[in-house]
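First comes the structure, then the notes that go with it.
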Amino acid sequence: MVFPGDFIWGAATASYQVEGAAFEDGKGASVWDMMCRKENAIWNNQTGDVACDHYHRYVEDVALMQHIGLKAYRFSISWPRVLPDGVGAVNQKGLAFYDRLVDALLAAGITPFITLFHWDYPYALYCRGGWLNADSPQWFADYAAVAVDRLSDRVQHWIPQNEPQCFIGLGHLDGTHAPGDRLALAEVLRAAHHSLLAHGRAVQTIRARAKSKPQVGCAPVGVVSMPATDSPADIAAAMKAMESIAARHLWNNTWWSDPIFLGRYPHDGLKLFGSAAPKVGPGDMQIIHQPPDFFGVNIYHGACVKAGPDGNPVTVPQPDGHALTAFRWPVTPEALYWGPKFLFERYGRPVIITENGMAGLDWPALDGQVHDPQRIDYTARYLRELRRAIADGVDVRGYFHWSLMDNFEWAEGYRQRFGLVHVDYATQARTPKDSARWYARVIATNGGDL
Ligand code: IFM
């Protein structure tokens, strides 16, 4: 068997995308509650107010996970549900929800992986400057302490933040995600620097306070390049593309991961960003440089590159008619070979795929079942590439499918369905798709059925 015996087969969700109960039990507002109230910010002006109602239906959802045979479930805590003002008084009712969820998971034999922050930033703190405020790393560390103090007697796996490229880049540069700002690059990079400091402070907090030995990870977007051919020149070009910063935006690997894992910002980024680069205070890098125990990474697709005449990477466009998901993302299974391989070689930590999956056009058929052969094909192809990476010596410890169930896909609202389980938002009926049954077999055979 190529997959190690203790390989972690999981699925993932995030608080705002599934919980609902947006204004219940003392929860404070998040920037996504705010964003969903802006006219036309979200497809069809939809909101996460109810979402999958997971807050009330988590028992049924854990039973579904058990039915699929998940070994682990990655979910996030809503920061403003626990701390309505972002700091200060703890909302015990909100915190109690995660207590119940963790207990239900453990009773079902499912290992909880907690993401502390998956984008639902407290609105109260946004009003105080959000990630631009130099106090924001401290706010985050204090929040981490509350979660760790309450849950670390039962939870070992912690991921401080999900996809900083998105909550900083889409949220503060493009303005398409909450809080919907379009700031100058210098301000965006200052916010990014604070988020990196927050990551470091949270890791320190987790390691100092956890009641059981913690395993800490990360979950950036994996910006993957794949060589057009197996030639050494193309492979070197793809590696170079993955480790370089070539444009004045935040879609890259190294600006985010070099500080955390290597203790420095990459030179090419500093050069390219120039005067927009953040001021790094004395001691900042020591705080940020808290290498996690595993390199968690979210990978959905990659770009194909070849070596140009000077050896530098040149993008090779996908051929006309190349396979696309419903979200118009290219289907590129090799991303799950080259992405983990590069990240393992550069950062030297075991890799866990913290997200991978696809949006499909799924609906209940006349027979009442939800047939999603494309998701099965997509996932089988990607997992085969992950298997190839493991066979080639990449230390991959786990895979989380995105997502357990259809949910609120941010600016896309409910238009994109990523789930193994179909959700009828009018009735909240859950229907496991064919892919859920297929994934159950993959898990039961530890990947032997691929
Ligand atoms: O739904 C998102 C998730 O919240 C973060 N990673 C990508 C997923 C699909 O877009």
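The values are calculated or read from the model by the stated rules, or taken from the named source; none is laboratory data. Because the structure is a prediction, the values reported are computed rather than measured. Cβ coordinates were reconstructed from backbone atoms using ideal geometry, including for glycine residues, and neighbour counts include every protein chain displayed. When the accessible area is computed, the model is the full protein with side chains, heavy atoms only, and any ligands, DNA or RNA have been set aside. Shrake-Rupley method; radii C 1.70, N 1.55, O 1.52, S 1.80 Å.
Taking the criterion of being over 15 Å from PRO164 (Cα atoms) and under 21 Å from the mean Cα position of the chain (by Cα), the residues of region 186-204 that qualify are ARG201, VAL203, GLN204.
If you go through region 264-311 and keep only what is part of a helix (DSSP H, G or I), within 23 Å of the chain's Cα centre (by Cα) and polar (S, T, N, Q), you end up with nothing. Consider region 292-326 and keep the residues that are open to solvent by 40 Å² or more (accessible area, probe 1.4 Å) and within 21 Å of THR354 (Cα to Cα). The one that is nearest to the ligand (Cβ to nearest atom) is HIS301. Of the residues in region 15-33, not one is open to solvent by 30 Å² or more (accessible area, probe 1.4 Å) and in a helix (DSSP H, G or I). Which pairs do you get when a residue that is more than 22 Å from GLY398 (Cα to Cα), found in region 205-225, comes within reach of a residue that is aromatic (Phe, Trp, Tyr) and outside any loop (DSSP other than H, G, I, E, B), reach meaning Cβ atoms under 8 angstrom, with the pair 6+ apart or on two chains? Every condition considered, the pairs that remain are ALA210/TRP158.
Among the residues of this structure, PRO112 counts as one that is assigned to a strand (DSSP E or B), in contact (Cβ under 8 Å) with a residue 24 or more places away in the chain, more than 16 Å from the ligand (Cβ to nearest atom) and open to solvent by less than 40 Å² (accessible area, probe 1.4 Å).
Residues of region 391-427 that are of a type in the set (Val, Ile, Thr) and touching a Leu at 6+ places or on another chain (Cβ under 9 Å): VAL394, VAL396, VAL421.
For region 198-253, the set of residues classified as assigned to a helix (DSSP H, G or I), farther than 20 Å from HIS289 by Cβ and among the small types (Gly, Ala, Ser) consists of ALA233, ALA236, ALA237, ALA238, ALA241, listed by residue number.
Kindly evaluate LEU366 against the criterion of being modelled with pLDDT of 95 or more, buried (at least 16 other Cβ atoms within 10 Å of the Cβ), away from the ligand (no atom under 16 Å from the Cβ) and farther than 16 Å from TRP438 by Cα. So LEU366 does not fit the description; no. As a summary of the residue check, GLY398 satisfies the conditions (1) in a strand (DSSP E or B); (2) open to solvent by 10 Å² or more (accessible area, probe 1.4 Å); (3) not β-branched (Val, Ile, Thr) except for the one numbered (2). Among the residues of region 429-450, not one is free of Cβ contacts under 8 Å to residues at least 40 places away in the same chain and buried (at least 21 other Cβ atoms within 10 Å of the Cβ).
The test for being surrounded by fewer than 22 Cβ atoms within 10 Å (Cβ to Cβ), touching a residue at least 12 places away in the same chain (Cβ under 8 Å) and under 22 Å from the mean Cα position of the chain (by Cα) holds for LYS71.
Entry remark, region 327-337: residues being within 14 Å of the ligand (Cβ to nearest atom), assigned to a loop (DSSP other than H, G, I, E, B) and closer than 21 Å to ASN253 by Cβ number 1 in total.
In the set ALA391, ALA426, which member is surrounded by fewer than 22 Cβ atoms within 10 Å (Cβ to Cβ), closer than 24 Å to MET226 by Cα, more than 16 Å from the ligand (Cβ to nearest atom) and small (Gly, Ala, Ser)? Of the residues listed, the single one that is surrounded by fewer than 22 Cβ atoms within 10 Å (Cβ to Cβ), closer than 24 Å to MET226 by Cα, more than 16 Å from the ligand (Cβ to nearest atom) and small (Gly, Ala, Ser) is ALA391.
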